[in-house]
Amino acid sequence: MARVSASKKENPRLLERKLADGRTSLYFEYYLGYKKVFDEESGKEKIKHNRKQETLNLYLFANPRTKKDRKHNTETLKLARSIRQKREDEITANRLQIQDKNKARINFLDYCDRFLAGYPNKDIRIVKYSIRYFKAFVAKEKGLDYILPNEITELVVLKFKVYLEASLNGETPHNYFTKFKKICRSALEEGYPVDPRVLNLKNSRKEGLKKDILLPDEIQKLASAKCNNKEVKRAFLFCLNTGLRFCDAEVLTWRQVDESRISVTQSKTQEKVFIDLNSNAVKILGERGDGAESVFNLPSFTTCLLQLKSWTKKAKIDKNITWHSARHSFAVNLLIHKNDIKTVSSLLGHTGLKHTEKYTRVVDGMKKTAVNSLPEIEI
């Protein structure tokens with residue numbers, strides 16, 4: 001029989017319930033947003049979702065036995081879906097009429113901050129940086145730190161997507177844009193007059209490794225060159241020898257370091273990783289500090305990047321080196337020196353080999369480039 005298949009993204013959703021007489025009754029369920037309420041029993045705030053239902057007085061045969069019954073189900077379901085789409089269009093039109101003036105006047109950047117504060121999932125770091133880049137985009141476009149919900153149009157969001165792709169490499173633009181669309185969807189569901197067409201913007205994923213890497217001779221150049229901030233130099237060289245991300249190096253304490261290895265619960269994946277320290281890493285660490293003391297006293301991430309750019313320029317390295325290049329360089333150099341992919345994956349804290357395979361493709365590409373660089377000979 002024709003089946004009701006409701007998408008969670010639809011509002012209202014077309015649902016069905018079985019009746020005692022064997023038929024199926026069709027109805028709509030509307031999502032009207034949520035509010036926070038104080039639960040006296042638990043002493044905590046809880047989220048209370050607001051929904052309502054609408055009975056359609058349309059029925060399907062649960063087990064159609066004849067051609068006529070099947071035709072009835074098909075036509076009834078088609079009618080119900082047509083009505084559902086009309087209801088959704090009406091809801092969208094009402095939102096664009098800005099019935100709630102307070103929601104129309106709010107700074108959408110403040111809404112983003114509230115969304116971040118209440119975000120419950122482990123990938124909150126991606127949401128955080130998505131908002132950070134959107135704020136930078138708004139400042140660049142408008143010269144202000146203010147944007148209204150009805151200014152979040154299809155064109156503006158498309159420009160933001162282009163901005164991400166121009167500012168970042170690899171899969172990062174895709175990940176940040178996905179989270180921004182999630183913020184827009186949440187705002188729409190709560191009645192803010194965001195352009196609903198932004199949810200239909202395509203967001204293709206770019207596969208592969210796009211960041212530049214440092215080979216051993218370039219790492220030596222960097223180590224020999226002067227960096228204006230000694231802590232930035234220590235931390236980046238340490239990441240080159242351990243594969244740590246900036247966010248993990250930034251919060252690394254001496255309690256996590258013993259004589260031969262470090263233990264890190266990665267901020268991005270929440271995976272606990274043990275990384276053995278080579279002689280370079282031990283030398284970089286230097287004299288041991290107190291347990292709760294940070295290993296590296298780093299400035300802001302932006303300042304670290306500026307210092308890194310200046311430092312690589314002094315080392316005469318003509319590559320687009322970011323802090324994450326240290327992690328990529330660590331992986332590629334391990335594979336160049338014949339370490340197996342499973343070991344490299346474990347050191348990086350990857351949950352599977354799929355994420356590590358991109359580094360093997362880089363190494364294969366380097367081999368091909370090396371072979372093709374040999375001069376031609378006449379035969």
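The values are calculated or read from the model by the stated rules, or taken from the named source; none is laboratory data. Here the structure is a predicted model, which is why all the values come from computation and not from measurement. Backbone-built Cβ (ideal geometry, glycine too); neighbour counts: all protein chains shown. Protein only, heavy atoms only, side chains kept; ligands, DNA and RNA dropped before computing areas. Shrake-Rupley method; radii C 1.70, N 1.55, O 1.52, S 1.80 Å.
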Checklist entry - What number of residues in segment 163-177 are over 21 Å from residue 139 (Cα atoms) and open to solvent by less than 20 Å² (accessible area, probe 1.4 Å)? => result 1
Next on the checklist: If I ask for residues that are in contact with a strand residue (DSSP E or B) (Cβ under 6 Å, 6 or more places away or on another chain) and of a type in the set (A, V, I, L, M, F, W, C), which ones from segment 232-257 would you list?
Outcome noted: none
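Residue by residue, here is whether (1) under 27 Å from residue 166 (Cβ atoms); (2) within 28 Å of the chain's Cα centre (by Cα); (3) among the charged types (D, E, K, R) holds:
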position: 177; (1), (2), (3): yes, yes, no
position: 182; (1), (2), (3): yes, yes, yes
position: 190; (1), (2), (3): no, yes, yes
position: 216; (1), (2), (3): no, no, no
position: 221; (1), (2), (3): no, no, yes
position: 234; (1), (2), (3): no, no, yes
position: 240; (1), (2), (3): yes, yes, no
position: 253; (1), (2), (3): no, yes, no
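Residue by residue, here is whether (1) at pLDDT 90 or above; (2) open to solvent by 50 Å² or more (accessible area, probe 1.4 Å); (3) more than 22 Å from residue 219 (Cβ to Cβ) holds:
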| position | (1), (2), (3) |
| --- | --- |
| 262 | no, no, no |
| 277 | no, no, no |
| 291 | no, no, yes |
| 313 | yes, yes, no |
Next on the checklist: Considering only segment 46-59, I want to know if a residue exists there that is at pLDDT 75 or above, assigned to a loop (DSSP other than H, G, I, E, B) and either hydroxyl-bearing (Ser, Thr, Tyr) or exposed (fewer than 12 other Cβ atoms within 10 Å of the Cβ) (or both).
Outcome noted: no
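Residue by residue, here is whether (1) farther than 19 Å from residue 169 by Cα; (2) open to solvent by less than 40 Å² (accessible area, probe 1.4 Å); (3) part of a helix (DSSP H, G or I) holds:
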{"position": "120", "(1), (2), (3)": "yes, no, no"}
{"position": "126", "(1), (2), (3)": "no, yes, yes"}
{"position": "131", "(1), (2), (3)": "no, yes, yes"}
{"position": "134", "(1), (2), (3)": "no, yes, yes"}
{"position": "141", "(1), (2), (3)": "yes, no, yes"}
{"position": "144", "(1), (2), (3)": "yes, no, no"}
{"position": "147", "(1), (2), (3)": "yes, yes, no"}
{"position": "150", "(1), (2), (3)": "yes, no, yes"}
{"position": "155", "(1), (2), (3)": "yes, no, yes"}
Next on the checklist: Of everything in segment 166-190, what is over 30 Å from residue 31 (Cβ atoms), touching a residue at least 12 places away in the same chain (Cβ under 8 Å) and part of a helix (DSSP H, G or I)? Give them in sequence order.
Outcome noted: 167
Checklist entry - What is the one condition in (1) under 23 Å from residue 220 (Cβ atoms); (2) within 26 Å of the chain's Cα centre (by Cα); (3) open to solvent by 30 Å² or more (accessible area, probe 1.4 Å) that residue 299 does not satisfy? => result (1)
Next on the checklist: Just the residues that are touching a helix residue (DSSP H, G or I) at 6+ places or on another chain (Cβ under 9 Å) and open to solvent by 90 Å² or more (accessible area, probe 1.4 Å), please, taken from segment 280-289.
Outcome noted: 288
Item to check | Check on residue 79, surrounded by 14 or more Cβ atoms within 10 Å (Cβ to Cβ), of a type outside the set (Phe, Trp, Tyr) and without any contact (Cβ under 8 Å) to a residue 60 or more places away in the chain | outcome: no
Checklist entry - Can you pull out the residues in segment 26-56 that are in contact with a strand residue (DSSP E or B) (Cβ under 7 Å, 6 or more places away or on another chain) and small (Gly, Ala, Ser)? => result 33
